[in-house]
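To start, the structure itself, in C-alpha coordinates.
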Amino acid sequence: MEKQISLTREAQQRKCTVEPLAAPPSDSPSTVMALIERAALDPSAGVEKLDRMMAMYERLKAREAELAFNGAKGRILKKLAGIKIVKNRPVLSDIDNGKQRGTVEAFKYAPLEEIDKHLRPLLAEEQMDLSYSDEPCDGGGILVRGRLKHLPSGHYEDSFMPAPPDTTGGKSNVQAVGSTNSFLRRYVACNIFNIVVVADDDDGTGGTIDEAQAKTIVEMIKKAKVGPKFLKYMRARSVEEAGSLEAAVATIAARDYRKAVSTLEEQIAKAEAGHAPLS
(Lines give C-alpha, C1' and ligand atoms only; values in the text may rest on other atoms or scores of the structure.)
Protein backbone atom coordinates (compact mmCIF):
# COMPACT_ATOMS: atom_id res chain seq x y z
CA MET A 1 0.00 0.00 0.00
CA GLU A 2 2.83 2.38 0.95
CA LYS A 3 4.59 1.52 -2.33
CA GLN A 4 1.42 2.43 -4.28
CA ILE A 5 1.11 5.78 -2.46
CA SER A 6 4.80 6.54 -3.21
CA LEU A 7 4.31 5.80 -6.91
CA THR A 8 1.21 8.03 -7.00
CA ARG A 9 3.15 10.92 -5.42
CA GLU A 10 5.98 10.52 -7.96
CA ALA A 11 3.47 10.59 -10.82
CA GLN A 12 1.87 13.78 -9.43
CA GLN A 13 5.29 15.43 -9.08
CA ARG A 14 6.11 14.59 -12.69
CA LYS A 15 2.80 16.11 -13.81
CA CYS A 16 3.42 19.27 -11.82
CA THR A 17 6.98 19.72 -13.06
CA VAL A 18 7.13 22.65 -15.51
CA GLU A 19 10.14 23.25 -17.72
CA PRO A 20 11.56 26.73 -16.97
CA LEU A 21 11.34 29.23 -19.82
CA ALA A 22 14.65 30.11 -21.43
CA ALA A 23 15.75 33.47 -20.12
CA PRO A 24 16.72 36.05 -22.70
CA PRO A 25 20.46 36.77 -22.97
CA SER A 26 21.66 39.22 -20.34
CA ASP A 27 22.88 41.57 -23.08
CA SER A 28 19.69 41.45 -25.18
CA PRO A 29 17.74 44.69 -25.80
CA SER A 30 14.66 43.24 -24.05
CA THR A 31 16.68 42.49 -20.89
CA VAL A 32 18.21 45.95 -20.85
CA MET A 33 14.79 47.57 -21.39
CA ALA A 34 13.39 45.61 -18.45
CA LEU A 35 16.24 46.92 -16.28
CA ILE A 36 15.57 50.47 -17.48
CA GLU A 37 11.88 50.18 -16.60
CA ARG A 38 12.78 48.86 -13.15
CA ALA A 39 15.35 51.64 -12.61
CA ALA A 40 12.86 54.31 -13.72
CA LEU A 41 10.55 53.25 -10.87
CA ASP A 42 13.40 53.40 -8.36
CA PRO A 43 13.51 56.86 -6.71
CA SER A 44 17.19 56.42 -5.89
CA ALA A 45 18.20 55.87 -9.54
CA GLY A 46 20.02 58.90 -10.92
CA VAL A 47 19.50 60.51 -14.31
CA GLU A 48 23.07 59.70 -15.39
CA LYS A 49 22.52 56.01 -14.70
CA LEU A 50 19.34 56.01 -16.77
CA ASP A 51 21.13 57.82 -19.60
CA ARG A 52 23.92 55.20 -19.61
CA MET A 53 21.38 52.39 -19.67
CA MET A 54 19.46 54.02 -22.53
CA ALA A 55 22.71 54.44 -24.49
CA MET A 56 23.45 50.74 -23.94
CA TYR A 57 19.94 49.85 -25.13
CA GLU A 58 20.35 51.91 -28.32
CA ARG A 59 23.71 50.25 -29.07
CA LEU A 60 22.25 46.79 -28.60
CA LYS A 61 19.25 47.60 -30.80
CA ALA A 62 21.57 48.94 -33.52
CA ARG A 63 23.72 45.80 -33.35
CA GLU A 64 20.63 43.58 -33.52
CA ALA A 65 19.38 45.54 -36.56
CA GLU A 66 22.76 45.29 -38.29
CA LEU A 67 22.86 41.52 -37.73
CA ALA A 68 19.36 41.16 -39.21
CA PHE A 69 20.41 43.32 -42.19
CA ASN A 70 23.58 41.27 -42.80
CA GLY A 71 21.68 38.01 -42.55
CA ALA A 72 19.06 39.11 -45.08
CA LYS A 73 21.66 40.50 -47.49
CA GLY A 74 23.76 37.35 -47.17
CA ARG A 75 20.81 35.17 -48.18
CA ILE A 76 20.17 37.40 -51.22
CA LEU A 77 23.85 37.21 -52.26
CA LYS A 78 23.74 33.42 -52.01
CA LYS A 79 20.69 33.25 -54.31
CA LEU A 80 22.13 35.79 -56.77
CA ALA A 81 25.24 33.66 -57.16
CA GLY A 82 23.11 31.08 -59.00
CA ILE A 83 21.44 33.62 -61.32
CA LYS A 84 22.91 34.57 -64.70
CA ILE A 85 22.25 38.23 -65.56
CA VAL A 86 22.94 38.79 -69.23
CA LYS A 87 24.10 41.75 -71.32
CA ASN A 88 21.23 41.75 -73.79
CA ARG A 89 20.86 45.36 -74.97
CA PRO A 90 23.14 46.57 -77.79
CA VAL A 91 24.70 50.02 -78.06
CA LEU A 92 25.05 51.12 -81.69
CA SER A 93 27.84 53.28 -83.06
CA ASP A 94 28.11 55.13 -86.41
CA ILE A 95 31.35 54.53 -88.32
CA ASP A 96 32.89 56.01 -91.42
CA ASN A 97 36.55 55.01 -91.68
CA GLY A 98 36.90 54.92 -95.45
CA LYS A 99 36.56 51.14 -95.60
CA GLN A 100 33.29 50.80 -93.69
CA ARG A 101 30.35 53.12 -93.35
CA GLY A 102 27.16 52.70 -91.38
CA THR A 103 26.04 51.56 -87.93
CA VAL A 104 27.65 48.75 -85.95
CA GLU A 105 27.10 47.24 -82.53
CA ALA A 106 29.71 48.74 -80.21
CA PHE A 107 28.90 46.58 -77.17
CA LYS A 108 26.06 45.15 -75.12
CA TYR A 109 24.99 45.88 -71.56
CA ALA A 110 22.43 44.69 -69.01
CA PRO A 111 19.78 47.44 -68.59
CA LEU A 112 18.48 48.37 -65.15
CA GLU A 113 15.19 46.54 -65.74
CA GLU A 114 17.08 43.29 -66.48
CA ILE A 115 18.95 43.54 -63.18
CA ASP A 116 15.81 44.64 -61.33
CA LYS A 117 13.82 41.70 -62.73
CA HIS A 118 16.06 39.27 -60.85
CA LEU A 119 16.75 41.42 -57.80
CA ARG A 120 13.30 42.72 -56.74
CA PRO A 121 11.72 39.32 -55.89
CA LEU A 122 14.71 38.46 -53.68
CA LEU A 123 14.46 41.83 -51.92
CA ALA A 124 10.74 41.27 -51.29
CA GLU A 125 11.41 37.81 -49.81
CA GLU A 126 13.82 39.30 -47.26
CA GLN A 127 11.73 42.45 -46.60
CA MET A 128 14.45 44.67 -48.00
CA ASP A 129 14.19 47.73 -50.23
CA LEU A 130 16.65 49.32 -52.64
CA SER A 131 15.93 52.97 -53.42
CA TYR A 132 17.84 55.64 -55.33
CA SER A 133 18.27 59.39 -55.09
CA ASP A 134 20.43 61.79 -57.07
CA GLU A 135 21.95 65.23 -56.66
CA PRO A 136 24.26 67.49 -58.67
CA CYS A 137 27.97 67.33 -57.94
CA ASP A 138 30.99 69.46 -58.83
CA GLY A 139 31.70 70.07 -62.51
CA GLY A 140 28.11 69.54 -63.63
CA GLY A 141 28.13 65.83 -62.86
CA ILE A 142 25.53 63.66 -61.13
CA LEU A 143 25.85 61.75 -57.86
CA VAL A 144 23.52 58.78 -57.37
CA ARG A 145 22.96 57.23 -53.97
CA GLY A 146 21.60 53.71 -53.60
CA ARG A 147 20.12 52.89 -50.18
CA LEU A 148 19.60 49.25 -49.21
CA LYS A 149 17.27 49.06 -46.21
CA HIS A 150 16.08 46.17 -44.05
CA LEU A 151 12.48 47.22 -43.42
CA PRO A 152 11.74 45.33 -40.15
CA SER A 153 14.87 46.58 -38.36
CA GLY A 154 15.30 49.94 -40.11
CA HIS A 155 19.04 49.37 -40.66
CA TYR A 156 20.35 50.66 -44.00
CA GLU A 157 23.59 51.11 -45.92
CA ASP A 158 24.33 53.60 -48.70
CA SER A 159 26.44 53.28 -51.84
CA PHE A 160 27.46 56.33 -53.91
CA MET A 161 28.66 56.75 -57.48
CA PRO A 162 29.31 59.99 -59.46
CA ALA A 163 29.64 60.54 -63.23
CA PRO A 164 29.53 63.41 -65.75
CA PRO A 165 26.45 63.72 -68.00
CA ASP A 166 26.51 61.31 -70.96
CA THR A 167 26.44 63.66 -73.98
CA THR A 168 27.42 61.01 -76.55
CA GLY A 169 25.27 60.41 -79.61
CA GLY A 170 23.96 63.97 -79.82
CA LYS A 171 21.83 63.72 -76.66
CA SER A 172 20.01 66.77 -75.34
CA ASN A 173 20.77 67.98 -71.81
CA VAL A 174 17.70 66.20 -70.44
CA GLN A 175 18.58 62.97 -72.28
CA ALA A 176 22.18 63.20 -71.02
CA VAL A 177 21.02 63.45 -67.40
CA GLY A 178 18.54 60.58 -67.83
CA SER A 179 21.14 58.34 -69.49
CA THR A 180 23.70 59.01 -66.75
CA ASN A 181 21.14 58.48 -64.00
CA SER A 182 20.18 55.07 -65.43
CA PHE A 183 23.86 54.17 -65.92
CA LEU A 184 24.73 55.03 -62.30
CA ARG A 185 21.74 53.15 -60.86
CA ARG A 186 22.83 50.01 -62.69
CA TYR A 187 26.34 50.25 -61.34
CA VAL A 188 25.24 51.10 -57.80
CA ALA A 189 22.97 48.02 -57.73
CA CYS A 190 25.78 45.83 -59.09
CA ASN A 191 28.21 47.31 -56.57
CA ILE A 192 25.94 46.67 -53.57
CA PHE A 193 25.27 43.04 -54.50
CA ASN A 194 28.55 42.17 -56.28
CA ILE A 195 26.61 41.43 -59.47
CA VAL A 196 28.69 40.47 -62.50
CA VAL A 197 26.77 40.59 -65.77
CA VAL A 198 27.86 38.29 -68.59
CA ALA A 199 27.64 38.31 -72.37
CA ASP A 200 24.74 36.36 -73.89
CA ASP A 201 27.29 34.08 -75.58
CA ASP A 202 29.52 33.73 -72.52
CA ASP A 203 31.11 30.28 -72.31
CA GLY A 204 31.87 30.44 -68.61
CA THR A 205 35.12 32.39 -68.91
CA GLY A 206 33.65 35.51 -67.28
CA GLY A 207 32.49 37.33 -70.41
CA THR A 208 33.86 40.60 -71.74
CA ILE A 209 34.55 43.89 -70.00
CA ASP A 210 31.60 46.09 -69.13
CA GLU A 211 30.57 49.47 -70.48
CA ALA A 212 32.49 51.55 -67.91
CA GLN A 213 35.64 49.47 -68.28
CA ALA A 214 35.48 49.79 -72.08
CA LYS A 215 35.26 53.58 -71.79
CA THR A 216 38.24 53.64 -69.43
CA ILE A 217 40.37 51.57 -71.80
CA VAL A 218 39.42 53.64 -74.87
CA GLU A 219 40.50 56.81 -73.06
CA MET A 220 43.77 55.19 -72.00
CA ILE A 221 44.45 53.94 -75.55
CA LYS A 222 44.14 57.50 -76.83
CA LYS A 223 46.53 58.75 -74.13
CA ALA A 224 49.02 55.94 -74.72
CA LYS A 225 48.74 56.37 -78.52
CA VAL A 226 48.92 52.60 -79.03
CA GLY A 227 47.94 50.88 -82.26
CA PRO A 228 46.56 47.55 -83.48
CA LYS A 229 49.26 45.54 -81.68
CA PHE A 230 47.66 46.32 -78.34
CA LEU A 231 44.31 44.83 -79.37
CA LYS A 232 46.10 41.77 -80.76
CA TYR A 233 48.08 41.47 -77.51
CA MET A 234 44.79 41.51 -75.58
CA ARG A 235 43.32 38.89 -77.97
CA ALA A 236 40.51 41.26 -78.90
CA ARG A 237 38.97 41.82 -82.33
CA SER A 238 40.63 44.34 -84.61
CA VAL A 239 39.06 47.70 -85.42
CA GLU A 240 38.42 46.46 -88.97
CA GLU A 241 36.63 43.35 -87.71
CA ALA A 242 34.61 45.12 -85.03
CA GLY A 243 33.85 48.25 -87.03
CA SER A 244 35.13 50.80 -84.48
CA LEU A 245 37.70 51.18 -81.72
CA GLU A 246 34.95 51.13 -79.07
CA ALA A 247 33.49 47.90 -80.43
CA ALA A 248 36.93 46.29 -80.64
CA VAL A 249 37.83 47.23 -77.05
CA ALA A 250 34.47 45.84 -75.84
CA THR A 251 35.63 42.35 -76.92
CA ILE A 252 38.46 42.27 -74.35
CA ALA A 253 37.86 39.50 -71.81
CA ALA A 254 36.75 40.62 -68.35
CA ARG A 255 39.48 38.52 -66.75
CA ASP A 256 42.09 40.56 -68.70
CA TYR A 257 40.87 43.99 -67.62
CA ARG A 258 43.61 44.58 -65.03
CA LYS A 259 46.19 43.33 -67.51
CA ALA A 260 44.95 45.83 -70.11
CA VAL A 261 45.00 48.72 -67.64
CA SER A 262 48.50 47.95 -66.33
CA THR A 263 49.82 47.57 -69.91
CA LEU A 264 48.32 50.89 -70.93
CA GLU A 265 49.60 52.63 -67.80
CA GLU A 266 53.09 51.43 -68.71
CA GLN A 267 52.67 52.65 -72.31
CA ILE A 268 51.38 56.04 -71.12
CA ALA A 269 54.44 56.42 -68.88
CA LYS A 270 56.71 55.54 -71.82
CA ALA A 271 54.87 57.97 -74.11
CA GLU A 272 55.27 60.77 -71.57
CA ALA A 273 58.96 59.90 -71.23
CA GLY A 274 59.40 60.08 -75.01
CA HIS A 275 59.81 56.34 -75.69
CA ALA A 276 58.20 54.59 -78.68
CA PRO A 277 54.67 53.32 -77.87
CA LEU A 278 53.28 49.84 -78.59
CA SER A 279 52.13 50.46 -82.17
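The values are calculated or read from the model by the stated rules, or taken from the named source; none is laboratory data. Every value quoted in this text rests on a predicted model; they were computed, and no experiment measured them. Reconstructed Cβ throughout: ideal geometry from the backbone, glycine too, with neighbour counts over all protein chains shown. Surface accessibility is based on the protein's heavy atoms, side chains included, excluding ligands, DNA and RNA. Shrake-Rupley method; radii C 1.70, N 1.55, O 1.52, S 1.80 Å.
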- Message: What is the ratio of the Cα radius of gyration of segment 107-214 to 2.2 N^0.38 Å, with N the residue count, to two decimals?
- Response: 1.17
- Message: Please list, in order, the residues from segment 152-182 whose amide nitrogen is less than 18 Å from a point placed 7 Å along the Cα→Cβ vector of Asp138.
- Response: 160-165
- In square angstrom, rounded to the nearest 10, how much accessible surface does Asp256 have for a 1.4 Å probe? 20 Å²
- Task: Round to the nearest 0.05 the FRET efficiency obtained for Glu48 and Tyr156 when R0 = 45 Å and r is the Cβ-Cβ distance.
- Result: 0.90
- Note on the structure: Under 5 Å from the placed amide H of Ile252, counting only residues 5+ away or on other chains, we find Ile209
- Whole-Hz ³J(HN,Hα) from phi, Karplus 6.51 cos²θ - 1.76 cosθ + 1.60, for segment 145-156, glycine and proline x: 10, x, 10, 9, 10, 8, 5, x, 8, x, 6, 9
- Among 113-119, 54-60, how do they line up from the highest to the lowest mean number of other beta-carbon atoms within 10 Å? 113-119, 54-60
- Note on the structure: The extension gain from Lys79 to Arg59, computed as 0.36 nm times the residue separation minus the Cα-Cα distance, is 4.1 nm
